[in-house]
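Peer 1: Before we start, here is the structure in question, set down as structure tokens.
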Amino acid sequence: VLDELPLTGNHKIDRAALPAPVYPAGRGRPATVHEQVLCEIFAEVLGLPEVGVDDNFFELGGHSLLAMRLAERLRARGIQVAMRTLFEAPTVTALLRRLGTSSVRDALGVLLPIRAQGTSPPFFCVHPAGGLSWCYMPLARYVPAEHPLYGLQVRGFDGASPLSGSVREMAADYIGEVRSVQESGPYYLLGWSFGGIVAHEMAVQLQARGEQIAAVVIMDVYPPLERRAHAEDGRAGSGPEPGLERMIEVIRQGRGDMFAEISPEELALAARIFLNNERLMYEHEMSVLDADLLLIVAAAGRPDDVSDAPRWQTTARWRPYVSGEIRALDLPCRHGEMAQPDMLARTWDVLRQWLRGD
């Protein structure tokens, strides 16, 4: 608000003398990776340093032309949004509530291009048990622009493709996708949680084909102490689909790897994918990788003395399956926080240092 408008000598508004508008932004901090990504896109289009999840796009200076640009940026990330939806749901919170898997169908492919351009070898990031690699999108802020970034995502979100029957089958499938954009090594592979088990198997299979493995980065996952079907561990429940109702509730409460408003059928599909990946991990018979491995450990909540706590062991659990050097580095977070943007920034820092040999 100005006391008066600045005027020229001809009594017209002196636009050059008008102060730059200040839009109050930052209402509501993003709590999930999806919120973080959308807030960053909103801020980029609006030319603001930050946008909160409850900030109204149009109240922050947005207009119809900028809304078109916003829709284009969202489509580039695989999110199909109609202009009408942006007018009806102009905040990140409201927009997420309007999106289901039908709106993000382009972002459900097996190979997810997070950043397709670059002159150096790409990094390929394997999904956690939820099956989607959207959690890796903030890496585009930290990994140098010369490196393309791709996510690898589970088949089955179309409701028609069969789910993988083993980690080996999944890894072979993903290698086909990887070689569609990079025919030969050196290959850079990264996997968080369940994705670390798949990344290890991909590296083993690529190495068996004579390919060079430049990096295998495992984010806080350890080979199971024994091979077993997940349904036998006493937690999965009983009935025609053991554990399905439990997993549906977990996804519904946590919003996990899906957008907020999805149909009951889509929710059940996401739960089946999670349970199948969990089962595959416990049934997988691991092979030995003849390469070095970087293990990034979620250290928060870990007991000081891990010698008598097998599930907290780090390099010891991987040693039977890696013949090269295993280097373990800690991050100050819990397992479920590793894909938060600030932790991904630290992940790149330790990965960059490891690649340089520091």
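Peer 1: Take the residues in segment 28-65 that are part of a loop (DSSP other than H, G, I, E, B) and touching a residue at least 60 places away in the same chain (Cβ under 8 Å); name whichever of them is surrounded by the fewest Cβ atoms within 10 Å (Cβ to Cβ). Even if it seems obvious, please write down each step before you answer.
Peer 2: Going residue by residue through segment 28-65, those that are part of a loop (DSSP other than H, G, I, E, B) are 28-32, 47-63.
Within this subset, residues satisfying the condition of being touching a residue at least 60 places away in the same chain (Cβ under 8 Å) are 28, 30, 32.
Numbers: Gly28: 15, Pro30: 20, Thr32: 20.
Here the residue is Gly28.
Peer 1: Note down all Cβ pairs under 6 Å where the first residue falls in segment 1-19 and is surrounded by 10 or more Cβ atoms within 10 Å (Cβ to Cβ), the second is part of a loop (DSSP other than H, G, I, E, B) and of a type in the set (Ser, Thr, Tyr), and they're at least six residues apart or on different chains.
Peer 2: Sorted first by the residue in segment 1-19, then by its partner, the pairs are Asp14/Thr8.
Peer 1: While we're looking at this one, here's another question. Taking interchain pairs and intrachain pairs at least six residues apart, which have beta carbon atoms under 8 angstrom, with the first residue in segment 66-81 and open to solvent by less than 10 Å² (accessible area, probe 1.4 Å) and the second β-branched (Val, Ile, Thr) and part of a helix (DSSP H, G or I)?
Peer 2: Cβ pairs passing all conditions: Leu70/Ile41; Leu70/Val45; Leu74/Ile41.
Peer 1: Being in contact (Cβ under 8 Å) with a residue 60 or more places away in the chain, open to solvent by 10 Å² or more (accessible area, probe 1.4 Å) and in contact with a helix residue (DSSP H, G or I) (Cβ under 7 Å, 6 or more places away or on another chain) is the filter here; which residues of segment 158-176 pass it?
Peer 2: Within segment 158-176, Gly159, Leu163, Ser164, Ser166, Arg168 qualify.
Peer 1: I'd like to verify a number: residues in segment 293-324 that are at pLDDT below 60 and either open to solvent by less than 60 Å² (accessible area, probe 1.4 Å) or not charged (D, E, K, R) (or both), how many? Outline the logic, then answer.
Peer 2: Let us first name the residues in segment 293-324 that are at pLDDT below 60, namely 303-312.
Pick out the ones that are also either open to solvent by less than 60 Å² (accessible area, probe 1.4 Å) or not charged (D, E, K, R) (or both) and you get 303, 306-307, 309-310, 312.
So the count comes out to 6.
Peer 1: Can you tell me which residue within segment 92-111, out of those that are at pLDDT below 85, under 15 Å from the mean Cα position of the chain (by Cα) and buried (at least 18 other Cβ atoms within 10 Å of the Cβ), is farthest from His147 (Cα to Cα)?
Peer 2: That would be Val104.
Peer 1: Kindly evaluate Ala43 against the criterion of being at pLDDT below 90 and under 28 Å from the mean Cα position of the chain (by Cα). First the steps, then the outcome.
Peer 2: Numbers: at pLDDT below 90: no; under 28 Å from the mean Cα position of the chain (by Cα): yes.
For Ala43, the condition - at pLDDT below 90 and under 28 Å from the mean Cα position of the chain (by Cα) - is not met.
Peer 1: If Arg69 meets every condition in (1) charged (D, E, K, R); (2) in a helix (DSSP H, G or I); (3) modelled with pLDDT under 85 apart from one, which number is that one?
Peer 2: Single failed check for Arg69: (3).
Peer 1: Mind counting the residues in segment 329-352 that are more than 20 Å from Phe123 (Cβ to Cβ) and open to solvent by 20 Å² or more (accessible area, probe 1.4 Å)? Give the steps one after another, and end with the answer.
Peer 2: If we filter segment 329-352 for residues that are more than 20 Å from Phe123 (Cβ to Cβ), which is where we start, we get 330, 332-337.
Checking the rest, the ones that are also open to solvent by 20 Å² or more (accessible area, probe 1.4 Å) come to 330, 332, 334-337.
Result for segment 329-352: 6.
Peer 1: What is the one condition in (1) modelled with pLDDT under 90; (2) open to solvent by less than 10 Å² (accessible area, probe 1.4 Å); (3) under 21 Å from the mean Cα position of the chain (by Cα); (4) not polar (S, T, N, Q) that Ala89 does not satisfy?
Peer 2: (3)
Peer 1: Among Arg346, Arg327, which is the only one that is more than 19 Å from Ile213 (Cα to Cα) and either over 22 Å from the mean Cα position of the chain (by Cα) or modelled with pLDDT of 90 or more (or both)? Show your work before the answer.
Peer 2: Details: Arg327 fails: more than 19 Å from Ile213 (Cα to Cα).
Within the list Arg346, Arg327, the selection yields Arg346.
The values are calculated or read from the model by the stated rules, or taken from the named source; none is laboratory data. All values derive from a computational prediction rather than experimental measurement. Note that we place each Cβ from the backbone using ideal geometry, even for glycine, and neighbour counts take in every protein chain shown. The accessibility values were calculated without ligands, DNA or RNA, using every heavy atom of the protein model including side chains. Shrake-Rupley method; radii C 1.70, N 1.55, O 1.52, S 1.80 Å.
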